[in-house]
Ligand code: NDP
C-alpha cells in the first residue's frame, strides 16, 4: 500500500494514472501533478475522482520540494518532459523520495540523448538510500528488459541486437506525432548512431532504410535506422554486444512533411528573434500540431515493438525475436489513449510497482536492464502488454 506522485499529465501521464488507479492494492493513493492542473483534473474526472491533483512547475526545485514534503509520497513517476529529469531528481533527493522516469535528461539547447547527467547522480542516490530507475517506458524500457531476458534465458553470450519499433497505426491527420512533438522531432532529425565493435558509428539521419515484416499479420513496413537512448546503456551493460542498432517505421508521408519542415527551418531548436520575441521554431511547430493525447479516438491499427538478438548458446549460433503487438483501439477502449502512450505508460506503472514491491528497490541510479527482467515481464503479460518469443532461422536487415 503506497502513495505515489505522478508528474506530467500528457498522453503518457494519462495512461500511467489510469493503470496505477486500476491497482489500488499497490498504489493506494495517487496524486497527479503537472504544470497545467486542468489537464490533471480532466484525467481525475475520467477516473471518477479516485485520485487527487496538484499544480507544480517541475523546473522549480523549491516548489517541487515543498509539494513532496507536504504530500510525502514514496515514489515520484516522472512523465513530464526530459528537460525536467534533473530538477525532479534534485527534489526527490531533498525530500527523500524514490524516483523513476521514461526518458533520459535532455538539455533544452542541444539534442543529446545521453545518460551522463543522470548517471552522475549515482553516489547521491546511493548515499541517500534512494532508488532511481531510469527509462521505464517501452523504448527505452520494455526493449531493455526484453534484451536482458533474452540474454538471461536464451543465450550464453549475446552478439547482435536490433530493436525494431513499428507503428502500423493511422490517425488520419496529414502530419502528427504520437508523443510529445518536440521530443519526437528532435529524436528523428538527430544524426544516427549505432554501436559497432566497441564504438558508436555516426551516419546521417534516416540514411539507412530496410523493410521489415511484422509477425501475426501486422504487415510489412519501411524502417529506418536511428539513434535511440537505450543503445548507450545496453552497449555498456552487455559488453559482449558487437553490434546494436535501433530501427523505427515511418510512412513516406511523415518523412515528406518532416523534410519540408526541416528545409524551411521549422524543426530548429535554436531560438530566433521574431517581432522582438525569442521563438524556438520546434516549440512553435509543437503548438501547431495536434496534441498527441487527442489522437486516441482516431488512431487505428497496431504497434509491433521488439528485439531481435543473435548470439551463442551451447556453442551454437541462435537468433531470437521477442516482441509485443498492441492494437490502438483496444488501448483507447481501456484507458482512452492511443497505443504509443499506452505502451509507454504500462511499463512505467510496472517499473513503479517493481520498486514499491521491493523487487527493484536498491539505492543508486539504475537503468532498467540492470534488474531481474522476470517479474517485470510477468507483469507485462498481466497488465495489457503480452509478449511472444520466437526463434528465427535467419535475419538480415541489410538490403
Ligand atoms: P506530453 O507533451 O503529452 O506531456 C508532457 C506533460 O508534462 C504535460 O502535461 C506538460 O504540461 C507536463 N510538463 C511539461 N513541463 C512541465 C513542467 N515544467 N512542470 C510540470 N509539468 C510539466 O508528453 P508525453 O506524455 O507524450 O511524454 C511524456 C514523457 O514520456 C516524455 O518525457 C517522453 O519523452 C516520454 N516518452 C517515453 C517513451 C518511451 O517509450 N520510453 C515513449 C513516449 C514518450 P502542460 O500540459 O502544461 O504542457
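The values are calculated or read from the model by the stated rules, or taken from the named source; none is laboratory data. These numbers were taken from a predicted model, which means no experiment stands behind them. Virtual Cβ from ideal backbone geometry, glycine too; neighbours counted across all protein chains shown.
Out of all the residues in segment 227-255, which are part of a helix (DSSP H, G or I) and either touching a helix residue (DSSP H, G or I) at 6+ places or on another chain (Cβ under 7 Å) or surrounded by fewer than 13 Cβ atoms within 10 Å (Cβ to Cβ) (or both)? Once the filter is applied, which keeps residues that are part of a helix (DSSP H, G or I) and either touching a helix residue (DSSP H, G or I) at 6+ places or on another chain (Cβ under 7 Å) or surrounded by fewer than 13 Cβ atoms within 10 Å (Cβ to Cβ) (or both), segment 227-255 yields 230, 233, 234, 237, 252, 253. Of all the residues in segment 330-346, those that are more than 15 Å from the ligand (Cβ to nearest atom) and in contact with a strand residue (DSSP E or B) (Cβ under 6 Å, 6 or more places away or on another chain) number 0.
Flag not set for residue 32, criterion: assigned to a helix (DSSP H, G or I), surrounded by 18 or more Cβ atoms within 10 Å (Cβ to Cβ) and within 24 Å of the chain's Cα centre (by Cα).
Only a single item in (1) modelled with pLDDT of 95 or more; (2) surrounded by fewer than 22 Cβ atoms within 10 Å (Cβ to Cβ) is not met by residue 283, and it is number (1).
Take residue 63 and decide whether it is more than 8 Å from the ligand (Cβ to nearest atom), more than 30 Å from residue 381 (Cα to Cα) and touching a strand residue (DSSP E or B) at 6+ places or on another chain (Cβ under 6 Å). Against the criterion (more than 8 Å from the ligand (Cβ to nearest atom), more than 30 Å from residue 381 (Cα to Cα) and touching a strand residue (DSSP E or B) at 6+ places or on another chain (Cβ under 6 Å)), residue 63 does not qualify. Filter segment 55-70 for residues that are touching a residue at least 40 places away in the same chain (Cβ under 8 Å) and not in a helix (DSSP H, G or I); which is nearest to the chain's Cα centre (by Cα)? The extreme case among them is 58. Counting only strands (runs of 3 or more DSSP E) that sit wholly inside segment 71-164, not one has at least 2 residues that are at positive phi.
Taken across segment 348-368, residues that are crowded, with 23+ Cβ neighbours inside 10 Å, in contact with a helix residue (DSSP H, G or I) (Cβ under 8 Å, 6 or more places away or on another chain), over 22 Å from residue 232 (Cβ atoms) and modelled with pLDDT under 95 do not occur at all. With respect to (1) more than 14 Å from the ligand (Cβ to nearest atom); (2) within 24 Å of the chain's Cα centre (by Cα); (3) at pLDDT below 95; (4) under 27 Å from residue 342 (Cα atoms), the lone exception for residue 48 is condition (2). Every condition in (1) farther than 23 Å from residue 236 by Cβ; (2) out of contact with any strand residue (DSSP E or B) (no Cβ under 9 Å at 6 or more places or on another chain); (3) within 15 Å of the ligand (Cβ to nearest atom) holds for residue 314 except the one numbered (3). Checked against (1) within 21 Å of residue 163 (Cβ to Cβ); (2) in contact with a helix residue (DSSP H, G or I) (Cβ under 9 Å, 6 or more places away or on another chain); (3) within 16 Å of the ligand (Cβ to nearest atom), residue 325 passes all but a single condition, namely (2). Candidates 80, 9, 58: the one that is over 23 Å from residue 331 (Cβ atoms), surrounded by 15 or more Cβ atoms within 10 Å (Cβ to Cβ) and touching a helix residue (DSSP H, G or I) at 6+ places or on another chain (Cβ under 8 Å) is 58.
Residue 181 satisfies every condition listed in (1) more than 16 Å from the ligand (Cβ to nearest atom); (2) under 18 Å from residue 340 (Cα atoms) except (1). In segment 121-144 there is no residue matching the filter, namely being under 18 Å from the mean Cα position of the chain (by Cα), farther than 21 Å from residue 397 by Cβ and surrounded by fewer than 22 Cβ atoms within 10 Å (Cβ to Cβ).
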